[in-house]
Amino acid sequence: MHTLSERLTNYKTMIEEEKKIISNNEYTADNIQVLEGLEAVRKRPAMYIGDVNTRGLHHLVYEVVDNSIDEAMGGHCDRIEITILKDNSISVLDNGRGIPTSLHKKENRSALEVVMTVLHAGGKFDKGSYKVSGGLHGVGVSCVNALSSHLKAQVYREGKEFVQEYSFGNPLYEVKTIGESAITGTRITFKPDGTIFSITEYDYEILAGRMRELAYLNRGITIILTDERGEIDPEKYRRDVFYSQNGLIDFLSYLDENREKLTPDPIAISGERNEVPVEIALQYNTSFTENLHSYVNNINTHEGGTHLTGFRRALTRTLKKYADDNKMLEKLKFEINGDDFREGLTAIISVKVPEPQFEGQTKTKLGNSEVMGIVDQIVSEHLANYLEENPKAAKIIVDKVILAATARHAARKARELVQRKNVLSGSGLPGKLADCSDRNPERCELYLVEGDSAGGTAKQGRDRSFQAILPLRGKILNVEKAMPHKVFDSEEIKNIFTALGVTMGTAEDSKALNLEKLRYHKVVIMTDADIDGSHIATLILTFFFRHMKELIERGYVYIATPPLYLIKKGKAAHYCWSDEERDAIVRNISNDGTGVHIQRYKGLGEMNAEQLWDTTMDPKNRTLRQVTIENGLEADHVFSMLMGDEVGPRREFIEANAKYANIDA
Ligand code: 0RA
């Protein structure tokens, strides 16, 4: 394992490698960039941290915290404090050994300065040096320095406090000793460069989500997040302490908090082969969704990869063998397939790989082929033992698998019936759809509208060249709770599928959407601006999240925002979307408060076609909220909570988020 400390000693070798490459005449543009140092990061920041928007801004924090996590994984540190300061600077303090400040012989300057100002990882010359935790790009703290208008490094070590400050990555003075210290550790405080980032305000929830995840993935570390903006009174600072004693097992209970467990205890698997430690927690619940989360070096591998394949194979093979050996499948009249073994399964898979190869569109798919066999072997062994030792739980799990296979069989029949009917009914489009005339999906919009009456208004108000309307009757099916084949029975859901032009996923592979024939690139959910309306919007979103996730991932799903008030004085009319806006307008247009008429829109039905067009559908005036999945874990947690059995938390959440604010979290 190569932590920052080892990287420092590797540094000499890296320089020598660079020289070798230069003398071999392989001096390409890429290599020059590395040699140029931090200037390269400022020139092309997105290449190093992904983007210069919200994601990149938060990535800076992860990059710094990762170094402290590395120190903790080496057993030198157990506490990390992250503070958002008043001016949106970030301070990260750990109680590790402190970054060495002694003279780096080769460089003839302090090791601290080398760490802070020399670009290490991510390039060719970084072979063999990896970070166990590692941000997505693993670019190191020098990148953060390059992208900060100001950074201060404080080191507590050898009984002293050392300090060095930088401006845009350049040291302002040599490392100096400024006093004594009874503690050891490192504090990095930085202010992201406002000329590079389009957004400079930190989002507490985004940081909290990642810190919670890190605490679960690295048991025993206390991670404290504090927000010092806002309140003047320090007692009221927002603050969370993330700590997990049992790691992935705790993570699992958090994820499945709102699901009903099938067996009382989760299954924990851990082992190590060829310097690849593997840790897994899994548990079956009564839901019908498969919920797998995988990590490599603390990075969420959204696109899966070899570790996940190894896990799936071992799970299927081991469970199948156990069921066969115990003659539990004899009465079954049809084949069981891999998906059946994962219905209602929540699992977290965390591996540490010395030299991870990341592939895929978002570079979150593990490519190292050796990892597949390692995970497969460890899972097979542990799971086989578990099943032998826990026959009661084993029986419950196998019964669940049989139920899944049976339901899948029923679903296929239902789907075939639907498709046959569609072929018979001509165009195949739902009768309730008022389609648009344009046929270019990139220009076309489909409005999913709550209720026939609002649907009628929308049909009159729309621009029929590019806007299509599909009215939905009342509450659509709660896919979180319904058996999978019910999804194919639901009239409203069938209509959504057929209007969109995508084939309904097979139950064997419900996630393989065929978007080639997608007829609209904007799908707009339009419901009343009240609790019922937000519940309906959430039902529709849950359906998209579970059955058409790709639509959300591509940014095709939106929520319309009808106004809350119409304010009239004489002939002048103003719409407003919040109470504050209403008050401001009333103050503006009336000196005496007389002659002002305020209408509160309770539903879309209270607007006429022209008003609906003006406020909510006209691309020139409307505000559409794009639905995104920033954090798949949090999204899953929210949906399982909103749509699950527990009524209490749902009500609270919906009331607190009446504008659906957290659904696009
Ligand atoms: C290299 C060597 C040593 C500590 C660290 C790096 C270190 C780096 C960071 C970054 C954030 N927090 C950190 N804590 C420690 C120590 C080597 C030794 O003392 O022998």
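Within the stretch 74-92, track down each residue that is within 9 Å of the ligand (Cβ to nearest atom) and either β-branched (Val, Ile, Thr) or surrounded by 20 or more Cβ atoms within 10 Å (Cβ to Cβ) (or both).
Result: CYS77, ILE80, VAL92.
Tell me which residues, restricted to the stretch 221-259, are acidic (Asp, Glu) and in contact (Cβ under 8 Å) with a residue 24 or more places away in the chain.
First pass over the stretch 221-259, keeping only residues acidic (Asp, Glu): 227-228, 231, 233, 235, 240, 250, 256-257.
Answer for the stretch 221-259, where residues must be acidic (Asp, Glu) and in contact (Cβ under 8 Å) with a residue 24 or more places away in the chain: ASP227, GLU228, ASP240, ASP250, ASP256, GLU257.
Taking the stretch 286-309 as the search range and keeping residues that are closer than 24 Å to LEU329 by Cα and not hydroxyl-bearing (Ser, Thr, Tyr), which one is modelled with the highest pLDDT? Outline the logic, then answer.
Filtering the stretch 286-309 down to residues closer than 24 Å to LEU329 by Cα leaves 286-290.
Okay, now just the ones that are also not hydroxyl-bearing (Ser, Thr, Tyr), so 288, 290.
On the way: PHE288: 87, GLU290: 91.
The qualifying residue modelled with the highest pLDDT is GLU290.
Answer yes or no as to whether VAL65 is more than 12 Å from the ligand (Cβ to nearest atom), of a type in the set (Val, Ile, Thr) and assigned to a helix (DSSP H, G or I).
For VAL65, the condition - more than 12 Å from the ligand (Cβ to nearest atom), of a type in the set (Val, Ile, Thr) and assigned to a helix (DSSP H, G or I) - is not met.
Quick one: count up the residues across the stretch 376-385 that are free of Cβ contacts under 8 Å to residues at least 40 places away in the same chain and in contact with a strand residue (DSSP E or B) (Cβ under 7 Å, 6 or more places away or on another chain).
Summing the residues that are free of Cβ contacts under 8 Å to residues at least 40 places away in the same chain and in contact with a strand residue (DSSP E or B) (Cβ under 7 Å, 6 or more places away or on another chain) in the stretch 376-385 gives 0.
Could you list all residues from the stretch 142-165 that are of a type in the set (Lys, Arg) and in contact (Cβ under 8 Å) with a residue 40 or more places away in the chain?
Within the stretch 142-165, ARG157 is the sole residue that qualifies.
Looking only at the stretch 448-474, count every residue that is out of contact with any Leu (no Cβ under 9 Å at 6 or more places or on another chain) and farther than 19 Å from ILE540 by Cα and tell me the total.
Adding up the residues that qualify gives 6.
Which pairs turn up if I take residues in the stretch 182-193 that are under 13 Å from SER68 (Cβ atoms) and look for partners that are more than 12 Å from the ligand (Cβ to nearest atom) and aliphatic (A, V, I, L, M) with beta carbon separation below 9 Å, at least 6 apart in sequence or on another chain?
Pairs found: ILE188/ILE90; ILE188/LEU151.
Taking the stretch 229-261 on its own, how many of its residues are touching a Lys or Arg at 6+ places or on another chain (Cβ under 6 Å) and either buried (at least 16 other Cβ atoms within 10 Å of the Cβ) or closer than 21 Å to ASN291 by Cβ (or both)? Step through it out loud before you land on a result.
Of the residues in the stretch 229-261, the ones touching a Lys or Arg at 6+ places or on another chain (Cβ under 6 Å) are 229, 242, 244, 247.
Of the ones still in play, those that are also either buried (at least 16 other Cβ atoms within 10 Å of the Cβ) or closer than 21 Å to ASN291 by Cβ (or both) are 242, 244, 247.
Selection size over the stretch 229-261: 3.
Among SER253, SER244, which is within 21 Å of the chain's Cα centre (by Cα), within 30 Å of GLU81 (Cβ to Cβ) and part of a loop (DSSP other than H, G, I, E, B)?
Testing whether each residue is within 21 Å of the chain's Cα centre (by Cα), within 30 Å of GLU81 (Cβ to Cβ) and part of a loop (DSSP other than H, G, I, E, B) leaves just SER244.
Quick one: what pairs do we get from the stretch 62-75, first residue under 14 Å from MET211 (Cβ atoms), second more than 9 Å from the ligand (Cβ to nearest atom) and acidic (Asp, Glu), C-beta under 9 Å, 6+ apart or different chains?
Listed by first residue and then by second, the contacts come to ALA72/ASP78.
Taking the residues in the stretch 335-376 that are over 24 Å from LEU252 (Cβ atoms) and among the polar types (S, T, N, Q) as candidates, determine which candidate is nearest to the chain's Cα centre (by Cα).
That would be THR362.
Read through the list (1) in a helix (DSSP H, G or I); (2) within 12 Å of the ligand (Cβ to nearest atom), then give the number of the only condition that ALA40 fails.
Here ALA40 meets the rest and fails (2).
Give me the pairs, please: first residue somewhere in the stretch 554-566 and farther than 26 Å from ARG443 by Cβ, second residue anywhere and surrounded by fewer than 23 Cβ atoms within 10 Å (Cβ to Cβ) and β-branched (Val, Ile, Thr), beta-carbon distance under 7 Å, and either six or more positions apart or on two chains.
From the stretch 554-566, the pairs are TYR565/ILE598.
Identify, please: which residue in the stretch 567-620 is within 37 Å of the chain's Cα centre (by Cα) and in a strand (DSSP E or B) and is, among those, surrounded by the fewest Cβ atoms within 10 Å (Cβ to Cβ)?
Among residues in the stretch 567-620 that are within 37 Å of the chain's Cα centre (by Cα) and in a strand (DSSP E or B), the one surrounded by the fewest Cβ atoms within 10 Å (Cβ to Cβ) is ARG600.
Which of (1) within 16 Å of the ligand (Cβ to nearest atom); (2) small (Gly, Ala, Ser); (3) more than 34 Å from the chain's Cα centre (by Cα) is the odd one out, the single condition GLY185 does not satisfy?
With respect to (1) within 16 Å of the ligand (Cβ to nearest atom); (2) small (Gly, Ala, Ser); (3) more than 34 Å from the chain's Cα centre (by Cα), GLY185 is out only on (3).
Can PHE190 be described as within 13 Å of the ligand (Cβ to nearest atom) and among the aromatic types (Phe, Trp, Tyr)?
Answer is yes for this residue.
So for the stretch 164-179 (the condition being out of contact with any Leu (no Cβ under 9 Å at 6 or more places or on another chain), crowded, with 20+ Cβ neighbours inside 10 Å and outside any strand (DSSP E or B)), does at least one residue qualify?
no
The values are calculated or read from the model by the stated rules, or taken from the named source; none is laboratory data. Quantities reported herein were computed from a predicted structural model and do not represent experimental measurements. Ideal geometry is used to build each Cβ from the backbone, glycine not excepted, and the neighbour counts take in all protein chains shown.
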